[in-house]
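To start, the structure itself, in structure tokens.
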Amino acid sequence: MSVSADGVMQGPGRVDEDSRGGFRHGGWGVGYGDEVVGRFVGGMGRAAAMLFGRRSYDDLLGYWTSVTEPNPFTEVLVNSPKYVASRQGGARLDHPNSTLLAGEAAGTVARLKGEVDGVIRVLGSGELVRSLHAAGLVEEYILLVHPIVLGSGTRLFGEGERADLALREAITTTTGVLIARYRVK
């Protein structure tokens, strides 16, 4: 999950990625990528499955499956098993290896965790992460903390209960991004 130093996770990739609420800083994460981030993010394929909220699934897969230049994301995103949490039953999923989890995320993801052997990685999907966090279903956070303060936008963690985290790994990139892996205590 890419976040600014003040915790904003909204719209890091493109100017038009997510302008909800009048957000005007879209694309704030552009320019912070380097070889270190590329290697780390390229390893995301080591997860047993990927989990998305519906909006992030449509946006991320729609974008990365249309990119023609080589990148570390497209092949992993297309070939990995993908689960999409949605309150709407019958939602159409346009990409291969995708399964709909219809209903409330806390219940459907709790069942999924019992069925999948290995790591389930969530990409983007702030609303989903917040609901899973509140339900105690998140075991680990991997945060790419960018050296920028935005001052507005949707934050990864809003109001909620305290959660203590234990730092398991920290990597600093050449652009000042801190890749931090935290285990939920």
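Counting protein heavy atoms only, the chain has 50 percent of its accessible area on carbon and sulfur, 1.4 angstrom probe. A Förster radius of 45 Å, combined with the Cβ-Cβ distance separating ARG87 from THR174, puts the computed FRET efficiency at roughly 0.65.
Rolling a 1.4 angstrom probe over the protein heavy atoms with all chains in place gives segment 1-70 an accessible area of 50 Å² per residue.
Whole number in Å², please: accessible area per residue of segment 121-185, 1.4 Å probe, ligands, DNA and RNA not counted. All intermediate terms of the calculation are to be shown ahead of the outcome.
Details: 3740 Å² over 65 residues.
Result: 58 Å² of accessible area for each residue.
Computed 3J(HN,Hα) for segment 170-177, one whole-Hz value per residue from the Karplus formula 6.51 cos²θ - 1.76 cosθ + 1.60 where θ = phi - 60°, is 9, 10, 9, 8, 5, 9, x, 6, glycine and proline marked x. Summing +1 for each Lys or Arg and -1 for each Asp or Glu among the other residues whose beta-carbon sits under 15 angstrom from that of VAL76 gives +3.
The alpha carbon centroids of segment 136-169 and segment 1-69 are separated by 15 Å.
Can you tell me the order of 156-164, 78-86 when each peptide is scored by its average per-residue count of other Cβ atoms within 10 angstrom, highest first?
78-86, 156-164
When shorter helices are ignored and each DSSP H run of at least 4 residues is given -39500 (n - 2.57), the per-residue value for the chain at 222 nm works out to -7000 deg cm²/dmol. Largest GNM mean-square fluctuation across GLY90, GLY153, GLY33, computed for the chain with C-alpha springs under 10 Å, falls on GLY90. Quick check on the chain: of the DSSP beta bridges with both residues there, what percent are antiparallel, nearest 5%? So the antiparallel bridges amount to about 50 percent of the total.
When only C-alpha pairs under 8 Å and at least 6 residues apart count, what is the relative contact order of segment 9-168, in percent?
Working: 201 pairs, mean separation 37.9, N = 160.
Worked out over segment 9-168, it gives 24 percent.
The values are calculated or read from the model by the stated rules, or taken from the named source; none is laboratory data. Note that the structure is a prediction, hence the values are computed from the model and not measured. Backbone-built Cβ (ideal geometry, glycine too); neighbour counts: all protein chains shown. For accessibility, only protein heavy atoms count, side chains too; no ligands or nucleic acids. Shrake-Rupley method; radii C 1.70, N 1.55, O 1.52, S 1.80 Å.
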